[in-house]
Amino acid sequence: MRAEKFDAIVVGAGMSGNAAAYAMASRGLKVVQLERGEYPGSKNVQGAILYADPLEKIIPKFRDDAPLERHLVEQRFWIMDGTSHTGIHYRSDDFNEPRPNRYTIIRAQFDRWFSAKVREAGCTVLCETSATGLLKDWNGNVTGIVTDRHRDTIRADVVVLAEGVNGYLGTKGRLREIPKPDSVALAVKEMHFLPEDVIADRFGLTADEGCVIEAGGTITRGIPGLGFLYTNKESISIGVGCLVSGLAAASERPYDILEAFKHHPSIRPLIAGSEVKEYAAHLIPEGGATAIPQLFGNGWVVVGDAAQLNNTAHREGSNLAMTSGYLAGHAIAEVRSRGGSMIRDNLSLYKRLLDESFVIKDLTKHKDLPRFLHANSQSLFVSYPKLISQAAQSFVRVDGASKLDKERATSASFLKARSGWGLISDAVRLARAWY
Ligand SMILES: Cc1cc2nc3c(=O)[nH]c(=O)nc-3n(C[C@H](O)[C@H](O)[C@H](O)COP(=O)(O)OP(=O)(O)OC[C@H]3O[C@@H](n4cnc5c(N)ncnc54)[C@H](O)[C@@H]3O)c2cc1C
């Protein structure tokens, strides 16, 4: 291994690394991929929703053999206070025509499957092997990596950094900064096991249909964050993610927030009688467009979570990871096919392709949203959820009070909490941050 030189090294076998390795190996490049885990997926944590579209572009017939749990037919968005939730649901059979648009998956199984496709395409995959440093020449150009296997070195024309949100290698190699506490969320998650038919009954599903609940409100105790619940075949993934700087400022522990979420009256019956078999914690990039680091340089590119490519507003990450990995792999193969070297100017093709894709367009559209959420966390995650809950209860409760009196009382409660100008200003600032 020591003397061998590759066209490309991919560090990490998650969504972005597998997409990059597949794109290059299937176009005939000599690629080696390193994964520090015992097997691809062994260290990876996700909710997890798989969005079909980006994977379909890479492996069109993935549905034939990919380990998919349930195809999602229903998405529920809940605003919660301490005892209630007010929600909107979307459910339609059209949503899954001509083929299902999204699925739940279990990453330990899915990443293994994706990695098998990468190997079939001709990539060499080394598990239980960490990249511990970048090799550079005298001009600072990246020329390979050092591994933790007897400090062996591997050389290549280009290194694809697909190492996930912590990005140890990129920060150590001074290619990017360590993510700041206000641009990452800490998510904790449990897997609750229940019989398949019990899950179907509780969520109104048939056979392989699935449902997702995403919940915001007082459950995160004024910290920007969300609770989530995803149905797998025989398990339910349940978790919460909160901004790290918010957890620190409020001295809150994510485990306590998850415990309270699980005991909320709207959630408790859904997981009643389940057996918890897995527990995991992981960071999620939340900084948006303004946190994206330099994406390419002489002999390197960075993709996926390591590049902070995560859409907080729509809670999408794996699809941005896969798309960025695939575009990086495609750009490298293009440069190679034109006989170019892996210098910064040539690798800028990756950034051009990414700019033209939904990834950068979506993140740019929502570039002010993370700042807006941080600056208004008390009103967004505490005051409004309480007001909305009171308003919803007043609306549905029949108690002899006239409808007009109830509506006046509801308006008064909003005005008392935020004032007329406050309400208008919140709406305008939200619209600006969203658009
Ligand atoms: C709780 C949670 C829920 C989520 N839910 C969703 C969801 O429902 N839908 C969605 O689209 N996204 C979701 N995301 C986000 C999604 O998981 C990420 O965006 C996606 O996994 C990023 O892929 P990646 O390949 O960039 O990084 P990762 O999947 O983190 O992969 C990085 C890989 O690199 C390996 N590695 C790291 N350092 C080294 C090294 N030095 N040497 C060798 N190997 C290394 C790691 O072991 C890992 O396998 C969620 C995230 C969390 C934490």
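The values are calculated or read from the model by the stated rules, or taken from the named source; none is laboratory data. All of these numbers come straight from a predicted model, not from anything done at the bench. Every residue, glycine among them, receives a Cβ derived from its backbone with ideal geometry; neighbour counts consider all protein chains shown. Quick note on the areas: whole protein, heavy atoms, side chains included, nothing else; ligands and nucleic acids left out. Shrake-Rupley method; radii C 1.70, N 1.55, O 1.52, S 1.80 Å.
With protein chains left intact and a 1.4 Å probe, residues in segment 369-434 average 65 Å² of accessible area per residue. Helix 254-263 axis versus longest C-alpha principal axis of the chain: approximately 50°, rounded to the nearest ten.
Remark: segment 285-298, residue by residue, has Karplus-estimated 3J(HN,Hα) of x, 9, x, x, 4, 6, 9, 5, x, 4, 9, 7, x, 5 Hz, where x stands for each Gly or Pro and the curve is 6.51 cos²θ - 1.76 cosθ + 1.60 at θ = phi - 60°. Taking the inverse of the mean 1/r over every pair of distinct Cα atoms in the chain gives a Kirkwood hydrodynamic radius of 23.0 Å.
Per-peptide packing, taken as the mean over residues of other Cβ atoms within 10 Å, places 183-190, 126-133 in the sequence 183-190, 126-133 from highest down.
In segment 179-309, what percent of the accessible surface is made up of carbon and sulfur (1.4 Å probe, ligands and nucleic acids excluded)? C and S atoms contribute 54 percent here. Of the chymotrypsin sites (Phe, Trp or Tyr not before Pro) found in segment 265-306, not one falls in a DSSP loop while having at most 13 other beta-carbon atoms within 10 Å. Here the chain is treated with +1 on each Lys and Arg Cβ and -1 on each Asp and Glu Cβ, and its dipole about the Cα centre works out to around 1140 debye.
Of the listed peptides 30-37, 141-148, 322-329, what is their order by residue-averaged count of other C-beta atoms within 10 Å, with the highest listed first?
On the way: 30-37: 24.0, 141-148: 19.8, 322-329: 29.5.
Peptide ranking by packing, descending: 322-329, 30-37, 141-148.
A helix-only calculation puts the chain at -11000 deg cm²/dmol for mean residue ellipticity at 222 nm, using -39500 (n - 2.57) for each DSSP H run of at least four residues, averaged over all residues.
For the chain, what is the percent of antiparallel DSSP beta bridges, rounded to the nearest 5? Around 70 percent antiparallel, to the nearest 5.
Site pair Tyr39 and Glu196 shows an inter-label distance of 2.1 nm when each label is modelled 7 Å from Cα along Cα→Cβ. Helix 384-396 versus the longest principal axis of the chain: what angle, 0 to 90°, nearest 10, using Cα atoms? Approximately 50 degrees, to the nearest 10. Taking a sphere under 15 Å around the Cβ of Leu72 and counting the other residues whose Cβ falls inside, with K and R at +1 and D and E at -1, yields a net charge of -2. A simple rule links phi to the HN-Hα coupling: the Karplus curve 6.51 cos²θ - 1.76 cosθ + 1.60 with θ = phi - 60°, which for segment 307-321 gives 9, 6, 8, 9, 9, 4, 4, 10, 6, 10, x, 5, 6, 6, 4 Hz, with x for Gly and Pro. Close amide-amide hydrogen proximity is noted between Glu278 and Met191, each under 5 Å apart and 5 or more residues distant or on a separate chain (H modeled in the peptide plane; Pro and chain starts excluded). Think of the chain as a dipole: +1 on every Lys or Arg Cβ, -1 on every Asp or Glu Cβ, centred on the Cα centre; then among His71, Ala417, Val45, Ala417 lies furthest on the positive end.
For the chain, averaging the sequence separation of C-alpha pairs within contact (under 8 Å, six or more residues apart) and dividing by the residue count gives a relative contact order of 20 percent. Solvent-accessible area per residue in segment 234-294 equals 45 Å², computed with a 1.4 angstrom probe and all protein chains kept.
Work out, in µm²/s and without decimals, the Stokes-Einstein translational diffusion coefficient of segment 369-434 at 4 °C, 1.567 mPa s, Rh from Kirkwood over C-alpha pairs. The partial results should precede the final answer.
Working: Rh = 13.0 Å.
In µm²/s, the coefficient is 99.
Straight-line reach from Lys117: which lysines fall under 25 Å, measuring Cα to Cα and dropping same-chain residues less than 8 apart? Cα-Cα hits under 25 Å: Lys5, Lys30, Lys43, Lys57, Lys61, Lys233.
Straight Cα distances below 17 angstrom link Lys406 to the lysines Lys386, Lys416, with same-chain residues fewer than 8 positions distant left out.
Expressed as an acute angle from 0 to 90° and rounded to the nearest 10, what is the orientation of the C-alpha long axis of helix 420-434 relative to the principal long axis of the chain? Tilt relative to the chain: about 20 degrees.
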